[in-house]
Amino acid sequence: MPAGQAPEWVRQEWVGLELPIMEATAPPGEQIGALGGTPSSQNLNGYSVDTERAMAILSDKSPDAAQWWRDNVPLRMMTALVFGKQFCEPVI
């Protein structure tokens, strides 16, 4: 389960999803937490995933979790969501 500011039940819904990573990652210092402010240190310099694509994939699994993100996070201002590498398993 990824770290972050979202409630545990929302973060749990990311488990098992295959998310396509972006080639570029956010430069250090440009990441913010989902609810603003400082992001979880566990997600710094992690895998970046296009926000719109990630939300579409999450919505297929859990419309309620995706709705939490839409209701609570300024997604239009985020080009990517960042998941700490220790929470991910690369798939080739």
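Just a few scattered comments:
- Ranked Val82, Val15, criterion: other C-beta atoms within 10 Å, fewest first: Val15, Val82
- Neighbour counting of Cβ atoms within 10 Å sorts the residues Thr51, Thr79, fewest neighbours leading, into Thr79, Thr51.
- Ranked list, fewest to most other Cβ atoms within 10 Å of each Cβ, for Met77, Met1, Met22, Met55: Met77, Met1, Met22, Met55
- Summing Lys and Arg as +1 and Asp and Glu as -1 over all other residues whose Cβ lies under 15 Å from the Cβ of Ala3 gives a net charge of 0.
Rule-based calculations on the coordinates, nothing more; no lab input. Only a predicted model underlies this, so the values are computations on that prediction, with no experimental measurement involved. Note that each Cβ is placed from the backbone with ideal geometry, even for glycine, and that neighbours are counted across all protein chains shown.
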